[in-house]
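In what follows, a structure is listed as structure tokens, so that the remarks can point back to it.
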Amino acid sequence: MPQYKAPLRDMRFLMNEVFDFESHYKTLPNGGEATPDMVEAIITEMAKLCENTIGPLYQSGDEEGCKFDNGKVTTPKGFKEAYNDYVAGGWQGLSHPVEYGGQGLPMSLGLIKQELMGTANWPFAMYPGLSLGAMNTIMMHGTEEQKQEYLTPLTEGRWGGTMCLTEPHCGTDLGQMKSKAEPQADGSYKITGTKIFISSGEHDLTENIVHIVLARLPDAPAGTRGISLFIVPKFLPGKIGEDNGVACGSIEHKMGIKSSATCVMNFDGATGFMIAEPNKGLEAMFTFMNSARIGTAMQGVCHAELSFQGAVPYALDRRSMRALSGKKDPDYVADAIVHHGDVRRMLLTQKAIAEGGRAMLYYTAQYADNMISGILENDMKKYEQWDDKLGFLTPILKGFLTEMGLEASNLGMQVFGGHGYIREHGMEQIARDARIATLYEGTTGIQALDLLGRKVLLSSRGKCVREFTQKLVAFGTSNMSNSAMRPYAWKLLKIAAQWNYLTTRIMLMAAKDRDIVSTSSNDFLMYSGYAMMAYFWALQAATAQDKLDNGGAEPKEFYQSKLATAEFYFERLLPRAKGHAEGCLKPAKSTMQLDKDLFLFDQ
């Protein structure tokens, strides 16, 4: 089983040397306390908690799973004690306002905290992670009374939170939702309906659970325009232990994340309170969804990192055959498999995904900080500007990084050979847990449609691509005279031109055939992901080269490793983008022409 070790050196490299978080925090209204010493203390202490307490529960939690008995859910042995340690450290409110019990630090620090915890034990991290989304939704859309009543216990970690969207008859298409909300004389609502696939819907870690629920008012218009949003607590404030008509009907038996309770939740006339405006619930819920999608993108990086940490020691220790270029370990009967080219391909792919994805997310975390600054400064224009930028990145991060994280976890199994398929080594658990990441919070196909259909074509007419590719052009033009960086600069300039060309061509094709948006969207998303990761690997390479030339905080071997991995990414992984570029521009006919009845023709 991989023994999790926090990748603090790589985290510091990104925060201190690539993205200059210290200067970034000085521009934020809530960044004054985020001094280098404070940031170092936070990541160091969280690393200790994850390595010593949370990580060791990963495999045992999977083997034991959650237990369901007459509406009650019991988490695996050790989870409650670990959660209590997490709460005692004040970790839940790290990035939430002081007036509600938090520490008031930038959101990016909360995301980095989530990465540490998620890599150590993703199913455990889901319990407090879902609460963060509920907290953000109430913070953005709740009344001051609702904030006073719910945010403090949520921020302190005494209460948990969920989001309740999906119903048995509908998943992504929430226009079909049937849950009802009946107005009451006191201003509250009676919520009735069944929600499924509710992560952390019931458990024994907190004294109360606050559900954020979508439901319809009696006079609501049909479709997504008739959905409202409600706070529905398991127990009403001040009435802990008294039935509020919220019950867990069952928990799912799943392929992975078995120590995270995935619940069927029944609301039987439960008392709830509206958030935001009537029939505007879906818009408000997207506050929750965007934070959840970025968190799920983090899952791809987490599983890539943990699988890599498991695969490297095995590749260094396992011996099989001799290297094709001659004996590497002459004192042994065979060479360590790390000397075989194909094993190195797998390890470097994992490394490139984990470290490239981490860079993408840390950069995006600064966008989130700027967006929150708009709220704190009561500058809604600034908030909307950064929210738009974040909205473009979110589907790429969620779709691309979860697909790549799944690939990395499968490669970890492959490095082990047959042993990777055996439970005791822990590699197959990582792959099972990674599988869900491409499915929940919107499948990869949904992210692709959101990116191409809504963000690129409908909302911005390609402007969001043009704006982001300016970064690639800036890197390319400023590094063409640098012999070490010139290969990366040249490739980024070509990618910037191609990305804009693809966007324009698809836009023209879609004007004649709307199906092209759907049939091209997955290729467009994956192309965008490879292109974006190329930019962030180029940034890391440039920084590493500069530190080698002029001195840096890390040993020279660290920077040499960065340069080698960047070269591998550009030569071995980035060429995949070419196939996706070609796929983007193929007519929809080859995908859509087969009659639906002919899918079963041979049966």
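The values are calculated or read from the model by the stated rules, or taken from the named source; none is laboratory data. Note that the structure is predicted; figures quoted are calculated from it, not measured. Quick reminder, even Gly has a Cβ in these numbers, built from the backbone with ideal geometry, and neighbours come from all protein chains shown.
The residues of the stretch 200-223 that are part of a strand (DSSP E or B) and surrounded by 24 or more Cβ atoms within 10 Å (Cβ to Cβ), listed by number, are Ile209, Val210, His211, Ile212, Val213, Leu214, Ala215. One residue stands out in the stretch 383-409 among those that are among the charged types (D, E, K, R) and either out of contact with any Ser or Thr (no Cβ under 7 Å at 6 or more places or on another chain) or not assigned by TED's automatic domain parsing to the domain that holds Glu355 (or both): the one that is farthest from Met298 (Cα to Cα), namely Glu384.
Residues of the stretch 392-444 that are surrounded by 22 or more Cβ atoms within 10 Å (Cβ to Cβ) and on the phi > 0 side of the Ramachandran plot: Glu441, Gly442.
Selection of the stretch 549-566 for residues being in contact with a helix residue (DSSP H, G or I) (Cβ under 9 Å, 6 or more places away or on another chain), surrounded by fewer than 16 Cβ atoms within 10 Å (Cβ to Cβ) and assigned to a helix (DSSP H, G or I) yields Lys556, Gln560, Ala564. Checking the stated criteria, Tyr86 turns out not to satisfy the condition of being surrounded by 17 or more Cβ atoms within 10 Å (Cβ to Cβ), touching a Leu at 6+ places or on another chain (Cβ under 6 Å) and either part of a helix (DSSP H, G or I) or touching a residue at least 12 places away in the same chain (Cβ under 8 Å) (or both). Kindly evaluate Gly420 against the criterion of being within 15 Å of Arg318 (Cβ to Cβ) and free of Cβ contacts under 8 Å to residues at least 24 places away in the same chain. Answer is yes for this residue. Annotation for the stretch 526-539: no member residue is buried (at least 17 other Cβ atoms within 10 Å of the Cβ), under 20 Å from Leu348 (Cβ atoms) and over 26 Å from the mean Cα position of the chain (by Cα). Quick check on Gly295: is it under 22 Å from Ala134 (Cα atoms), of a type outside the set (Val, Ile, Thr), surrounded by 21 or more Cβ atoms within 10 Å (Cβ to Cβ) and touching a residue at least 60 places away in the same chain (Cβ under 8 Å)? When the stated conditions are applied, Gly295 passes them.
Just one residue in the set Ala496, Ala434, Ala448 is touching a residue at least 12 places away in the same chain (Cβ under 8 Å), in a helix (DSSP H, G or I) and touching a Phe, Trp or Tyr at 6+ places or on another chain (Cβ under 8 Å); that residue is Ala448. For the stretch 139-162, the set of residues classified as touching a strand residue (DSSP E or B) at 6+ places or on another chain (Cβ under 7 Å), assigned to a helix (DSSP H, G or I) and surrounded by 24 or more Cβ atoms within 10 Å (Cβ to Cβ) consists of Tyr150, Leu154, listed by residue number.
Just checking, which of Gly326, Gly300, Gly281, Gly341 is within 24 Å of Glu567 (Cβ to Cβ), at pLDDT below 95 and either of a type outside the set (Lys, Arg) or assigned by TED's automatic domain parsing to the domain that holds Leu411 (or both)? Unique residue meeting the criteria: Gly326. Scanning the stretch 168-189 for residues that are at pLDDT below 75 and closer than 25 Å to Ile251 by Cβ turns up Gly171, Thr172, Asp173, Leu174. If you go through the stretch 224-244, how many residues are crowded, with 16+ Cβ neighbours inside 10 Å and either under 24 Å from the mean Cα position of the chain (by Cα) or in contact (Cβ under 8 Å) with a residue 40 or more places away in the chain (or both)? So the count comes out to 9. Of the set (1) surrounded by fewer than 19 Cβ atoms within 10 Å (Cβ to Cβ); (2) touching a residue at least 60 places away in the same chain (Cβ under 8 Å); (3) not aromatic (Phe, Trp, Tyr), all apply to Met15 but (1).
Does Phe558 count as touching an Asp or Glu at 6+ places or on another chain (Cβ under 9 Å) and at pLDDT below 95? Here the answer is no, as Phe558 does not meet what is asked.
Being assigned to a loop (DSSP other than H, G, I, E, B) and either on the phi > 0 side of the Ramachandran plot or under 15 Å from the mean Cα position of the chain (by Cα) (or both) is the filter here; which residues of the stretch 103-117 pass it?
Initial filter on the stretch 103-117 (assigned to a loop (DSSP other than H, G, I, E, B)): 103-106.
Listed by number, the list holds a single entry, Gly104.
Here Ile257 meets the list (1) touching a Pro at 6+ places or on another chain (Cβ under 7 Å); (2) free of Cβ contacts under 8 Å to residues at least 60 places away in the same chain; (3) closer than 20 Å to Tyr83 by Cβ almost entirely, failing just condition (2). Annotation note: Cβ proximity below 8 Å between a residue of the stretch 339-359 that is within 11 Å of Phe308 (Cβ to Cβ) and a residue that is basic (Lys, Arg) (sequence gap 6+ or interchain) occurs for Leu348/Arg572; Thr349/Arg572; Glu355/Lys562.
Name the one entry in Leu458, Leu376, Leu472 that is buried (at least 21 other Cβ atoms within 10 Å of the Cβ), of a type outside the set (S, T, N, Q) and more than 30 Å from Pro56 (Cα to Cα). Break it down stepwise before answering.
Details: Leu458 fails: buried (at least 21 other Cβ atoms within 10 Å of the Cβ); Leu376 fails: buried (at least 21 other Cβ atoms within 10 Å of the Cβ).
Result of the check over Leu458, Leu376, Leu472: Leu472.
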